[in-house]
1. Does residue A:104 satisfy the criteria of being over 18 Å from residue B:10 (Cα atoms) and in the same structural domain as residue A:129 (by TED's automatic domain parsing)?
2. Only one of B:16, B:76, B:109, B:49 is within 10 Å of chain A (Cβ to nearest Cβ) and in contact with a helix residue (DSSP H, G or I) (Cβ under 9 Å, 6 or more places away or on another chain); which?
3. Got at least one residue in the stretch B:173-191 being in a loop (DSSP other than H, G, I, E, B), in contact with a helix residue (DSSP H, G or I) (Cβ under 6 Å, 6 or more places away or on another chain) and touching a residue at least 12 places away in the same chain (Cβ under 8 Å)?
4. I'm told residue A:109 meets every condition in (1) part of a helix (DSSP H, G or I); (2) surrounded by fewer than 20 Cβ atoms within 10 Å (Cβ to Cβ); (3) not assigned by TED's automatic domain parsing to the domain that holds residue A:65 except one. Can you identify the failing condition by its number?
5. Restricting the search to the stretch A:48-62, which residues are away from chain B (no Cβ under 11 Å) and surrounded by 20 or more Cβ atoms within 10 Å (Cβ to Cβ)?
6. In the stretch A:110-131, which residues are within 13 Å of another protein chain (Cβ to nearest Cβ) and modelled with pLDDT under 95?
7. Could you identify the single residue in A:82, A:42, A:61, A:24 that is assigned to a loop (DSSP other than H, G, I, E, B) and touching a residue at least 12 places away in the same chain (Cβ under 8 Å)?
8. Residues that are part of a loop (DSSP other than H, G, I, E, B) and without any contact (Cβ under 8 Å) to a residue 12 or more places away in the chain: does the stretch B:96-114 have at least one?
């Protein structure tokens, strides 16, 4: 049996000392595998991804990501994880190229990679336009390029195909899809699509894991 | 640390160049306050203690605008998350933000101080040279160190426009005293430095202490 890339045991996250955003969540993700996280709005999916990215401190349980015990060893995580959340993490008054160059410098990535990725996500023609002038789908393509810029071993994807038309979704497949071969934790409302591309599924309802026979959207 | 700090600083300067959100607002605010003092005090010219007080209080209030905006873009556009995901020492972020604020203040003073000289000052501003620029630079360094710290703290809250002046201005009182006392003899009719070494020494001490304190606690401010 392989060592897991990511393990979560009995994770608890509480907001304002009252709201249990996550309550007893456990998952295990092996290298190269894909885990889908399903649930309705407010189920705790985004909170889980933020904990795994090291952006949110867990309040209970054990979280180990790429060998780093969180939150104690959070300092080991930066640069190891690719995170594509609801926010694109791009500056609206910089162009796509300027944004990617900025992130490349922070991650110590060669600038040639920026040009290559802009081509891969089909943003070459609009690479020098300010992000605020781009459509949501274009911004999402740039955000995907930003997430994989440093070639991370683990991708945490929150609705990665939101705002994408089928052609754009196909374009991103080699970067963030099954074809990428990367280990992924995938949050999605597209139950069918997520089930088709995942090796395991975590179902959440109001922060608690539930079985496959229970209705997530009740 | 220098590489990432330079990268973040370049980005901040580019964003300011494009959006013009801070420096023009700070400059216009300073000039407006000088105009208000001109009419409010009903005097054609000021000198000595009053001139030094008006100069520095106005610059400090203008700094509040810059401090309020310093982390706003990061919070509004996810820059903090991006920085936490990147292998960047948080001290680099502090250095970049404090440097950006320092440069914003210098840019504001390049316009606001001559405007003060023209609109309010009795004695010639030329007589305050070369000491006044040195006092301004040391003052800016202290404001930048404390301002970056307060801005990071306030960025976490929804009422940062209230938190920034409430935290920043009391922390800047010692700096205000040193700057005003060092400047006052330079703005008298019989211009010339007086006790300058003592006030510059205290100002330098303030700067060193707050740079060190800010670097020490900055890491904890960005925790969720």
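1. In short, no.
2. Exactly one residue qualifies, and that residue is B:16.
3. yes
4. Only one criterion in (1) part of a helix (DSSP H, G or I); (2) surrounded by fewer than 20 Cβ atoms within 10 Å (Cβ to Cβ); (3) not assigned by TED's automatic domain parsing to the domain that holds residue A:65 is unmet by residue A:109, namely (1).
5. Listed by number, the residues that qualify are A:48, A:49, A:52.
6. Hit for the stretch A:110-131 is A:111, nothing else.
7. None of the other options fit; the residue is A:42.
8. No, because not a single residue in the stretch B:96-114 is part of a loop (DSSP other than H, G, I, E, B) and without any contact (Cβ under 8 Å) to a residue 12 or more places away in the chain.
The values are calculated or read from the model by the stated rules, or taken from the named source; none is laboratory data. Predicted, not measured: the structure shown is a model, and the values here were computed from it. Backbone-built Cβ (ideal geometry, glycine too); neighbour counts: all protein chains shown.
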